[in-house]
1. What's the number of the condition residue 186 fails, among (1) in contact with a helix residue (DSSP H, G or I) (Cβ under 7 Å, 6 or more places away or on another chain); (2) closer than 19 Å to residue 101 by Cβ; (3) among the hydrophobic types (A, V, I, L, M, F, W, C)?
2. What is the number of the single condition among (1) surrounded by 13 or more Cβ atoms within 10 Å (Cβ to Cβ); (2) closer than 26 Å to residue 215 by Cα; (3) at pLDDT 95 or above; (4) not aliphatic (A, V, I, L, M) that residue 244 does not meet?
3. Checking residue 223 against (1) in contact with a strand residue (DSSP E or B) (Cβ under 8 Å, 6 or more places away or on another chain); (2) farther than 22 Å from residue 87 by Cα: exactly one of these is not met. Which one?
4. Just one of 226, 239, 265, 220 is without any contact (Cβ under 8 Å) to a residue 24 or more places away in the chain and under 22 Å from residue 153 (Cβ atoms); which is it?
5. Kindly list, by first and then second residue, each pair from a residue in the range 280-305 that is free of Cβ contacts under 8 Å to residues at least 60 places away in the same chain to a residue that is among the aromatic types (Phe, Trp, Tyr) and not in a helix (DSSP H, G or I), limited to pairs with Cβ atoms under 6 Å and residues at least 6 apart or on different chains.
6. Give just the number: which of (1) in a strand (DSSP E or B); (2) under 15 Å from residue 181 (Cβ atoms) does residue 299 not satisfy?
7. Regarding the range 200-210, can at least one residue be identified that is part of a helix (DSSP H, G or I) and either of a type in the set (Ser, Thr, Tyr) or in contact with a strand residue (DSSP E or B) (Cβ under 6 Å, 6 or more places away or on another chain) (or both)?
8. Take residues that are under 15 Å from the mean Cα position of the chain (by Cα) and tell me which of the strands (runs of 3 or more DSSP E) falling wholly in the range 54-144 contain 1 or more.
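The values are calculated or read from the model by the stated rules, or taken from the named source; none is laboratory data. Please read all numbers here as calculations on a predicted model, not as lab measurements. FYI the Cβ positions are ideal-geometry reconstructions off the backbone, even for glycines, and counts take in every protein chain you see.
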Amino acid sequence: MLSAYLPSVNARKTGQIAIIKRSFAPLNRTSLRHYHGPIHRLTRLVIQIPLQMMSNPGAYHAFIGRWSQLVARKFLAWLNVGPNRSWLDVGCGTGALTTEILALASPQRIWGLDPSEERINYAQKACPKAQFEVSNAESLPKDWCDFDVVVSGLALNVMPNPAQALSEIIRVTRPGGLVAAYCWDFVEGMQPLRYLWDALIELDPNAAKVDPAYRYPLSQPEPLQQLFATVGLQSVELQRLEVPTPFKDFDDYWLPLLSGNGKTQRYLAGLEASKRYRVREKLKERLPIQPEGTIHLSVKAWAIRGICSDNSPMWKTSLF
């Protein structure tokens, strides 16, 4: 019966619980062997294991970052920028988009910026051919002004001041250069999170105020278009990007939700153990789990691009 509440053997073998492994230390084999209390008490002990709220960027990759590179590839295919251009990735995070730019766009040079020194260090190790710098999007280096292409992947909608960030992005883009971004669709397009937040809100309607769909209005196409329209960009276009998100089993879906320092993970970790268990059971009931245990979902992002106004239209034809 205890196995119903612990991660599966496959999850333990593949290292999926490495992030929370140390939390299981008090419940070792010896203590379990000599435990004579009721099974519901043991279940409660397991569910109440303290969660490791790690700031390690690797936890983000297990949570949702593993799908970021797939979306980045679709984004770059849509942009269709030629080789030998100078690129800037604003809010580069762990370097998912930067890595794909190097692999697919043959840039002349590429910089990645992020306010987190820890994420920058992670990105630099993952993508040593790029240059990285710690910087806020709302205040980019003053002497930068000549990038051919400036992009922001899955970051613009979570920035404190997206309008100021976009103004700075335009400032460092050369006249006629390309400005583009893409954001997760937290309202309808993020199925892995939508299942979770629908279950959380059903248990506690106040959770709606913490739902990413509520917190990040730029996750929808209309506000994103309005933002780009207010800053004078020309030839603004919008595109939907969607990729599949297969999970090997329920543990592959559930365990990454229990570790990391994202707001969704912190909210779930802050719940009472009994509520977290109820959320888990609701998800097991509602997720489209196949007979062999796999779960097939999808994630969607909205991409947008525009051209910086200039007096020379040559850039418009050379970038696309």
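1. Exception for residue 186: condition (2).
2. The failed condition is (1).
3. (1)
4. 226
5. That search, which allows pairs on different chains as well, returns 295/247.
6. With respect to (1) in a strand (DSSP E or B); (2) under 15 Å from residue 181 (Cβ atoms), residue 299 is out only on (2).
7. Filtering the range 200-210 for residues part of a helix (DSSP H, G or I) gives 200-203, 205-209.
Add one more test, that the residue is either of a type in the set (Ser, Thr, Tyr) or in contact with a strand residue (DSSP E or B) (Cβ under 6 Å, 6 or more places away or on another chain) (or both), and what stays is none.
Taking every residue of the range 200-210 in turn, none turns out to be part of a helix (DSSP H, G or I) and either of a type in the set (Ser, Thr, Tyr) or in contact with a strand residue (DSSP E or B) (Cβ under 6 Å, 6 or more places away or on another chain) (or both).
8. Numbers: elements: 86-90, 109-114, 131-134.
Because the criterion is at least 1 residues that are under 15 Å from the mean Cα position of the chain (by Cα), the strands (runs of 3 or more DSSP E) in the range 54-144 that meet it are 86-90, 109-114.
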